[in-house]
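A quick write-up on the structure given underneath.
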Amino acid sequence: MFGLMQQRPRLVSSLITHAARHHATAEVVSKTVEGPVHRYSYADAERRARRLVRALQRLGVGQQDRVGTLAWNGFRHFELYYATAGMGAIGHTINPRLFPDQIAYIINHAGDRVLFADTSFAKLVETLAPRIAGSVGAVVMMTDAAHLPELSLPAGMALHCFEDLMAAADEDYEWPEFDETTASALCYTSGTTGQPRGVLYSHRSTVLHAMTIALPDVMGLRAADRVMPVVPMFHVNAWGIPYAAPMIGAPLVFPGPHLAGEPLQTLMNEERVTFAAGVPTIWMGLLQHLRTSGARLDTVERLVIGGSACPRMLMEAFSDEYGVRVDHAWGMTEMSPVGTFNAPKATNADVEGEEGMRRRMKQGRAVFGVDMKIVGADGRELPWDGTSFGDLYVRGPWVCSAYFREEPDGLSHDEEGWFRTGDVATIDADGYMEITDRSKDVIKSGGEWISSIALENIAVAHPDVAEAAVVASHHPVWDERPLLIVVPKPGCRPEPEELLRHFEGKVAKWWIPDGAVIVEELPHTATGKLLKMALRDRYREHYLPDSGAAE
Ligand code: ADP
């Protein structure tokens, strides 16, 4: 027997129609590429998204066609999110910080028919154009006629101006209803560990994810908040915030390309932002600006940090010096992205001091909808004791079941369908997960595992160290041994021996790296993460007898 409740599909368009109807005057504010602040309401945004569908149709975009975007966080990008998904097409956000070769690969792999780009990417579009001409038939610059740059594109690739297309389009479109499992958006992994892979979200997964991230023990969004996604809309849909904020009716404040400390702080105060989300690097920049300028954050109550591990000092500094709570979250492109969020439970909410901090530094506990398990080298599930660490697997309705246009390779999922995250983690008795490493970065010494992240955290606590990486290097006896690579702070010249002594008493003796090298800088990925693959390749033979560097 079926329940007798209405069957309404969970469609992305319902998020913006809800906002337009029930939060019609709530603002969407954008600091534009051109500089001025643009503001309008959810009702305006919804109307323009419908108009944009008509413009997309004119460009030949139909059901399930892919529409690429190279764009910052702003109102036109927001309209594209809703126009593409709402009409049953697929918005494909592209990370402009990737190498042009990778971007061209991604666009061709996705089969984008039209490419929308902010004017700041005009040169990049010119570079890409000859390589994507087989797929992309039209480029739309996301600006008005007055700011339209000159572009030389290959024959057959049309150039359009966003606002001209909008002016020529009608507003008569009505959002259609279709199956909620229809694909809605596409995002490629940043390729930290290989070729970028496409993750194809559905309407159902997107709406369910949005409902979850708004919950009190996750981002805790309220209509009275003013929400700033600093995390880019090309980075896993800005963690779902452009969907969750309209659902809640919370005004949105988009920072555009202005992501340095000073412009962020100014916009936050001017627009009375209460909540913002982004990666650690962004908040480091903001903190530095606050400290050097003496400026304050007038209205910000909460920051969410994810994408890589939140440094302890960031959590402490924002809370102690600026009264801003910092919460730690974990996820990945393949998970829409949120998997865990670190919120207290009744049993630990009052625990302060070192123990409380230890708990808050973890990546958090699973949100409803996501289940997790950790698995040891023998394939067996490990206990939740906070110390056993193994490969982290997840499952849930917003976790990817396969990659776009790839045959299942049997590696990304286990036989029960759990997704292999590629992270190595512990889970404690209260269900808090802590990442100890990326599985490719774990150092396997004599059959035992050593966490590179644990060692890096100790290294960066040394007063002379600005940044540190620990990678596996081949060893004739132990198979692999940890090697410490350090970028010193300006003006500091630490001795390798002294850096290694710094580990004594903090980890088991056999965890201590066998050597340390000092470098001027470390390689990073397009999303600001350490590029361990490059370091591993470079220092693979450091400990081997004929490498000339063995200790
Ligand atoms: P990629 O996997 O290509 O780097 P993602 O943006 O999907 O791109 O990154 C997901 C990965 O980022 C996770 O698997 C994890 O290793 C790392 N990550 C995300 N959030 C955190 C966090 N809070 N702490 C530590 N690592 C994190």
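The values are calculated or read from the model by the stated rules, or taken from the named source; none is laboratory data. These numbers come from a predicted model, not from an experiment. Cβ placement follows ideal geometry from the backbone for every residue including glycine, while neighbour counts extend to all protein chains displayed. The protein model used for the area step is the full one, side chains on, heavy atoms only, and it has no ligands, DNA or RNA in it. Shrake-Rupley method; radii C 1.70, N 1.55, O 1.52, S 1.80 Å.
Summary table
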{"item": "So E334, is it assigned to a helix (DSSP H, G or I) and more than 16 Å from the ligand (Cβ to nearest atom)", "result": "no"}
{"item": "Meets criteria (open to solvent by less than 30 Å² (accessible area, probe 1.4 Å), under 22 Å from the mean Cα position of the chain (by Cα) and either closer than 25 Å to H209 by Cβ or assigned by TED's automatic domain parsing to the domain that holds K373 (or both)) for S439", "result": "yes"}
{"item": "Given (1) under 18 Å from K31 (Cα atoms); (2) at pLDDT below 95; (3) open to solvent by 40 Å² or more (accessible area, probe 1.4 Å), number of the condition T281 does not satisfy", "result": "(1)"}
{"item": "Counted residues, segment 284-322 - those being open to solvent by less than 60 Å² (accessible area, probe 1.4 Å) and either on the phi > 0 side of the Ramachandran plot or in a loop (DSSP other than H, G, I, E, B) (or both)", "result": "11"}
{"item": "Strands (runs of 3 or more DSSP E) within segment 2-94 that include 1 or more residues free of Cβ contacts under 8 Å to residues at least 24 places away in the same chain and either surrounded by fewer than 16 Cβ atoms within 10 Å (Cβ to Cβ) or of a type in the set (S, T, N, Q) (or both)", "result": "37-41"}
{"item": "Conditions (1) modelled with pLDDT of 95 or more; (2) within 12 Å of the ligand (Cβ to nearest atom); number of the one not met by E456", "result": "(1)"}
{"item": "Strands (runs of 3 or more DSSP E) completely within segment 100-197 that count 1 or more residues being among the charged types (D, E, K, R) and within 26 Å of E334 (Cα to Cα)", "result": "112-117"}
{"item": "Every residue from segment 125-178 that is of a type in the set (G, A, S), more than 31 Å from the chain's Cα centre (by Cα) and buried (at least 17 other Cβ atoms within 10 Å of the Cβ)", "result": "A169"}
{"item": "Residues of segment 498-511 satisfying the condition of being touching a strand residue (DSSP E or B) at 6+ places or on another chain (Cβ under 8 Å) and either at pLDDT 95 or above or open to solvent by 50 Å² or more (accessible area, probe 1.4 Å) (or both)", "result": "L499, L500, W510"}
{"item": "Condition met for L267 (in a loop (DSSP other than H, G, I, E, B) and away from the ligand (no atom under 16 Å from the Cβ))", "result": "no"}
{"item": "Residue tally, condition modelled with pLDDT of 95 or more, farther than 27 Å from L303 by Cβ and not in a loop (DSSP other than H, G, I, E, B), over segment 339-390", "result": "5"}
{"item": "Any hit, segment 241-261, residues being aliphatic (A, V, I, L, M), within 16 Å of the ligand (Cβ to nearest atom) and either over 25 Å from Y40 (Cα atoms) or not in a helix (DSSP H, G or I) (or both)", "result": "no"}
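Yes or no, residue by residue, for (1) touching a residue at least 12 places away in the same chain (Cβ under 8 Å); (2) assigned by TED's automatic domain parsing to the domain that holds W449; (3) of a type in the set (D, E); (4) open to solvent by less than 70 Å² (accessible area, probe 1.4 Å):
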{"site": "V351", "(1), (2), (3), (4)": "no, no, no, yes"}
{"site": "E355", "(1), (2), (3), (4)": "no, no, yes, no"}
{"site": "M361", "(1), (2), (3), (4)": "yes, no, no, yes"}
{"site": "R380", "(1), (2), (3), (4)": "no, no, no, no"}
{"site": "G417", "(1), (2), (3), (4)": "yes, no, no, yes"}
{"site": "T421", "(1), (2), (3), (4)": "yes, no, no, yes"}
